[in-house]
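Undergrad: The structure under discussion is supplied below as structure tokens; questions concerning it will follow.
The values are calculated or read from the model by the stated rules, or taken from the named source; none is laboratory data. Quantities reported herein were computed from a predicted structural model and do not represent experimental measurements. Positions of Cβ are backbone-derived with ideal geometry, glycine not excepted, and every protein chain shown enters the neighbour counts. For accessibility, only protein heavy atoms count, side chains too; no ligands or nucleic acids. Shrake-Rupley method; radii C 1.70, N 1.55, O 1.52, S 1.80 Å.
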Amino acid sequence: MLRKIQCFLRPTITDLESTDIFDDEQAKEIQKRLMELEVPGMTISRAVGFGRRSETNEKGDIPLEKRLKIEIVLEESKLEAVIDELKDLAGAGEVGAGKIFVMPVEDAIRISTEETGRSALY
Amino acid sequence: MAEHDANPWKIACQQLDKVADYMELDQSMVNMVKYPKRILQVYCPIKMDDGSVNTYTGYRVQHSMVRGPGKGGIRFHPDVTEDEVKALSMWMTWKNCVMDLPFGGAKGGIICDPKKMSESELERLTRRYTSEINLIIGPNVDIPAPDVNTDPQIMAWIFDTYSMNRGHTEHGVVTGKPVSLGGSKGRLKATSRGCMFTIMSALKKFEKTISNQEIAIQGFGNAGSYCAELLEGQGASITAVSDSQGGIYNANGLDVETLFRVKEETGTVVEYEDADRISNDELLTLDCDILIPAALENQITTDNADDIRADIIAEAANGPTSPDADQILENRDVFVIPDILCNAGGVTVSYFEWVQALQATFWSEREVNLKLRDLMDKAFDRVYERSQEHNISMRLAAYMVAVDRLSEAIDLRGLYP
């Protein structure tokens, strides 16, 4: 069974605008640690959003907050280890550290070879 | 009568009468939900290894089969009585109703001391007992499971005996089988995992998180030990545990992996270093956030209920709180997650095993755990809502939910003929 992890983490770099994502040390660290777990691949991007714990500003609005969005498709058997790693990377226990969602993936297709399922990931 | 010697059937009836009074249930309905549908007593003559013949008495009680087949464990113990099995079968009915599983309630037992029997004597006893109750069990009739002193191997013998008598393999006749014979993944830790989910739900209601909650666990058997492991994994601090030899306490938390190793190597948790020795009674009244009685019945009584300092009691054991002690806890606003909800994870994964058997399929452990969480969360929320609506304890609310579901099913099915 294939699953997709979609994870939103609080960025450690405050000035995201002036830092290219390719130079983002946090993104590099995430990539390194996930590669050690032999995940088949990862997409990382920057996103904005809000959650239940977002704080209201002086105008009474809830401003959108910056997040790193990580997406990984992998086999179910690797889920727990990757989730634990992401929790660790996020600073587990801190309010607003982020959220992890897990969803089913019906199929995966590698376009170049037309491999499908697990074969398409590796 | 002393609380410790209380007849379990009388306690079960007392609990039902309390909820029936509160619900103003019609007396004819009270009788229909109270008395067992069927009680079978069997005598099992067994040839012992020394050539002598011993005859053992066994029971299978089917308390209710209104909402589905009977479901409940079989225990091997010298203290088994008909009244105990009747009470346990009624509690199975309520547990299955609270979880909204399509089962009635049943229980079985054999008066024997398995610790004084060889493996081959146990096998012969299990097979003879299964043949004797063969007429009233089956995948669509009544599905036994493990209980005190019965394990996956004994379930495998029940499964084999029943299948041989039928002439074909029947995976759905019993649950708690070894995984290689159709047992469900996740069954081993199911009771503890279910208990953990109810604790997490309770904490959420109090706007707390599990992180750093101090937890004392009485009992380090299947339920207690895995509760410790799972809750530590969620960030809780396990400050005290115990087994039949006594208990240990460290305000800074115990290391659960080490506890497992010490228990494995020495047979008891009290040999754990870096902790103070305490008695089982002292454990119950420790200053902690959550108390998990995961050992025997009637541990929390009128003798100690006033001294309990935990905010939440999660009843991983069956019947750890006497009815009189329960009233004291209720008056003191201690939040009790009642046994029929708190430890229902075991029967819920048994239900999953039965479903997998009927469909001839198998699920991954993750799938089992997620489905378990879903059902535990729903059951907890239903009971909690009821307790809030009526301003009553979680136990009374759980019984109300259960009795409501059973009496509705009786009404809908009608009386035959």
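Undergrad: Quick check, is B:Leu125 surrounded by fewer than 15 Cβ atoms within 10 Å (Cβ to Cβ) and not in a loop (DSSP other than H, G, I, E, B)?
TA: Numbers: surrounded by fewer than 15 Cβ atoms within 10 Å (Cβ to Cβ): no; not in a loop (DSSP other than H, G, I, E, B): yes.
So B:Leu125 fails the test.
Undergrad: Being more than 14 Å from every other protein chain (Cβ to nearest Cβ), of a type in the set (S, T, N, Q), open to solvent by 30 Å² or more (accessible area, probe 1.4 Å) and not in a helix (DSSP H, G or I), is that true of even one residue in region B:391-398?
TA: Of all residues in region B:391-398, those more than 14 Å from every other protein chain (Cβ to nearest Cβ) come to B:391-398.
Now restrict to residues that are of a type in the set (S, T, N, Q): B:391, B:393.
Within this subset, residues satisfying the condition of being open to solvent by 30 Å² or more (accessible area, probe 1.4 Å) are B:391.
Still in the list and also not in a helix (DSSP H, G or I): B:391.
Yes, the conditions are met somewhere in region B:391-398.
Undergrad: So for region B:366-382 (the condition being assigned to a helix (DSSP H, G or I) and within 23 Å of B:Ile328 (Cβ to Cβ)), does at least one residue qualify?
TA: The answer is no; no qualifying residue exists.
Undergrad: If you scan region B:214-235, which residues turn out to be within 14 Å of chain A (Cβ to nearest Cβ) and at pLDDT below 95?
TA: The answer is B:Gly233, B:Gln234, B:Gly235.
Undergrad: In addition: So for region B:68-79 (the condition being of a type in the set (Val, Ile, Thr) and over 16 Å from B:Val347 (Cβ atoms)), does at least one residue qualify? Give the derivation first.
TA: Step one: of region B:68-79, the residues of a type in the set (Val, Ile, Thr) are B:74.
Pick out the ones that are also over 16 Å from B:Val347 (Cβ atoms) and you get none.
The answer is no, given that none of the residues of region B:68-79 is of a type in the set (Val, Ile, Thr) and over 16 Å from B:Val347 (Cβ atoms).
Undergrad: Which condition breaks for B:Ser279 when tested against (1) open to solvent by less than 40 Å² (accessible area, probe 1.4 Å); (2) more than 23 Å from the chain's Cα centre (by Cα)?
TA: Of the numbered conditions (1) open to solvent by less than 40 Å² (accessible area, probe 1.4 Å); (2) more than 23 Å from the chain's Cα centre (by Cα), the odd one out for B:Ser279 is (1).
Undergrad: Consider B:Thr150 carefully, then state whether it is under 25 Å from B:Ala316 (Cβ atoms) and polar (S, T, N, Q).
TA: Details: under 25 Å from B:Ala316 (Cβ atoms): yes; polar (S, T, N, Q): yes.
Answer is yes for this residue.
Undergrad: Which residue, of B:Thr169, B:Thr191, is at pLDDT 95 or above and either open to solvent by 50 Å² or more (accessible area, probe 1.4 Å) or touching a strand residue (DSSP E or B) at 6+ places or on another chain (Cβ under 6 Å) (or both)? First the steps, then the outcome.
TA: On the way: B:Thr191 fails: either open to solvent by 50 Å² or more (accessible area, probe 1.4 Å) or touching a strand residue (DSSP E or B) at 6+ places or on another chain (Cβ under 6 Å) (or both).
Of B:Thr169, B:Thr191, the one residue that is at pLDDT 95 or above and either open to solvent by 50 Å² or more (accessible area, probe 1.4 Å) or touching a strand residue (DSSP E or B) at 6+ places or on another chain (Cβ under 6 Å) (or both) is B:Thr169.
Undergrad: Moving to a separate point now. Give region A:72-122 a look and list any residue that's basic (Lys, Arg), away from every other protein chain (no Cβ under 11 Å) and free of Cβ contacts under 8 Å to residues at least 24 places away in the same chain, or say none.
TA: A:Arg110, the sole residue that qualifies.
Undergrad: Checking B:Ala295 against (1) buried (at least 18 other Cβ atoms within 10 Å of the Cβ); (2) at pLDDT 95 or above; (3) in a loop (DSSP other than H, G, I, E, B); (4) touching a strand residue (DSSP E or B) at 6+ places or on another chain (Cβ under 9 Å), only one condition comes out false. Which one?
TA: (2)
Undergrad: Let me ask something additional. Residue check, B:Ile328 against (1) more than 16 Å from B:Asp100 (Cβ to Cβ); (2) buried (at least 22 other Cβ atoms within 10 Å of the Cβ); (3) β-branched (Val, Ile, Thr), all met but one. Which one?
TA: It is condition (2) that B:Ile328 fails.
Undergrad: Among the residues of region B:161-188, write down those that are charged (D, E, K, R) and either within 14 Å of chain A (Cβ to nearest Cβ) or touching a Ser or Thr at 6+ places or on another chain (Cβ under 9 Å) (or both). Walk me through it before giving the result.
TA: We begin by selecting, within region B:161-188, every residue charged (D, E, K, R); these are B:166, B:170, B:177, B:185, B:187.
Those that are charged (D, E, K, R) and either within 14 Å of chain A (Cβ to nearest Cβ) or touching a Ser or Thr at 6+ places or on another chain (Cβ under 9 Å) (or both): B:Glu170, B:Lys177, B:Lys185, B:Arg187.
Undergrad: Can you find a residue in region B:316-325 that is of a type in the set (D, E, K, R) and either open to solvent by 10 Å² or more (accessible area, probe 1.4 Å) or assigned to a helix (DSSP H, G or I) (or both)? Working first, answer last.
TA: Residues of region B:316-325 of a type in the set (D, E, K, R): B:324.
Restricting the remaining residues to those that are either open to solvent by 10 Å² or more (accessible area, probe 1.4 Å) or assigned to a helix (DSSP H, G or I) (or both) gives B:324.
Within region B:316-325, one or more residues are of a type in the set (D, E, K, R) and either open to solvent by 10 Å² or more (accessible area, probe 1.4 Å) or assigned to a helix (DSSP H, G or I) (or both).
Undergrad: If you don't mind, there's one more thing I want to ask. Does region B:172-188 hold any residues that are on the phi > 0 side of the Ramachandran plot and open to solvent by 10 Å² or more (accessible area, probe 1.4 Å), and which are they?
TA: Filtering region B:172-188 down to residues on the phi > 0 side of the Ramachandran plot leaves B:176, B:182, B:186.
Once the filter is applied, which keeps residues that are on the phi > 0 side of the Ramachandran plot and open to solvent by 10 Å² or more (accessible area, probe 1.4 Å), region B:172-188 yields B:Gly182, B:Gly186.
Undergrad: Ok, one more. Is there any pair with a first residue in region B:175-192 that is touching a residue at least 40 places away in the same chain (Cβ under 8 Å) and closer than 12 Å to B:Val349 by Cβ and a second that is among the aliphatic types (A, V, I, L, M) and in a loop (DSSP other than H, G, I, E, B) whose Cβ atoms are under 8 Å apart and which are 6 or more apart or on different chains, and what are they?
TA: Within 8 Å, the pairs are B:Thr191/B:Ala316; B:Ser192/B:Ala316.
Undergrad: Also, I was wondering about something else. Of everything in region B:357-374 that's out of contact with any Lys or Arg (no Cβ under 9 Å at 6 or more places or on another chain) and touching a residue at least 40 places away in the same chain (Cβ under 8 Å), which residue is nearest to the other protein chains (Cβ to nearest Cβ)?
TA: B:Ala360
Undergrad: Related question: What single numbered condition from (1) over 30 Å from B:Trp157 (Cα atoms); (2) more than 14 Å from every other protein chain (Cβ to nearest Cβ); (3) hydrophobic (A, V, I, L, M, F, W, C) fails to hold for B:Ile210?
TA: Among (1) over 30 Å from B:Trp157 (Cα atoms); (2) more than 14 Å from every other protein chain (Cβ to nearest Cβ); (3) hydrophobic (A, V, I, L, M, F, W, C), B:Ile210 violates only (2).
Undergrad: Continuing with the same structure: Under 7 Å between Cβ atoms, at least 6 apart or on separate chains: pull out the pairs that start in region B:272-286 with a residue that is of a type in the set (Gly, Ala, Ser) and end on any residue that is in a loop (DSSP other than H, G, I, E, B).
TA: B:Ala275/B:Asn250; B:Ala275/B:Leu254
Undergrad: Here is a check on your reading of the model: is B:Ala145 surrounded by 20 or more Cβ atoms within 10 Å (Cβ to Cβ) and in a helix (DSSP H, G or I)? So that I can check it myself, show each step before the final result.
TA: Values: surrounded by 20 or more Cβ atoms within 10 Å (Cβ to Cβ): yes; in a helix (DSSP H, G or I): no.
No, not satisfied.
Undergrad: Return yes when B:Asn304 is modelled with pLDDT under 95 and of a type outside the set (A, V, I, L, M, F, W, C) and no when it is not. Steps first, answer last, please.
TA: Numbers: modelled with pLDDT under 95: no; of a type outside the set (A, V, I, L, M, F, W, C): yes.
Criteria not met by B:Asn304.
Undergrad: Taking the options B:Lys71, B:Lys18, B:Lys47, name whichever one is out of contact with any strand residue (DSSP E or B) (no Cβ under 9 Å at 6 or more places or on another chain) and basic (Lys, Arg).
TA: Working: B:Lys71 fails: out of contact with any strand residue (DSSP E or B) (no Cβ under 9 Å at 6 or more places or on another chain); B:Lys47 fails: out of contact with any strand residue (DSSP E or B) (no Cβ under 9 Å at 6 or more places or on another chain).
Step by step, each of B:Lys71, B:Lys18, B:Lys47 is checked, and only B:Lys18 is out of contact with any strand residue (DSSP E or B) (no Cβ under 9 Å at 6 or more places or on another chain) and basic (Lys, Arg).
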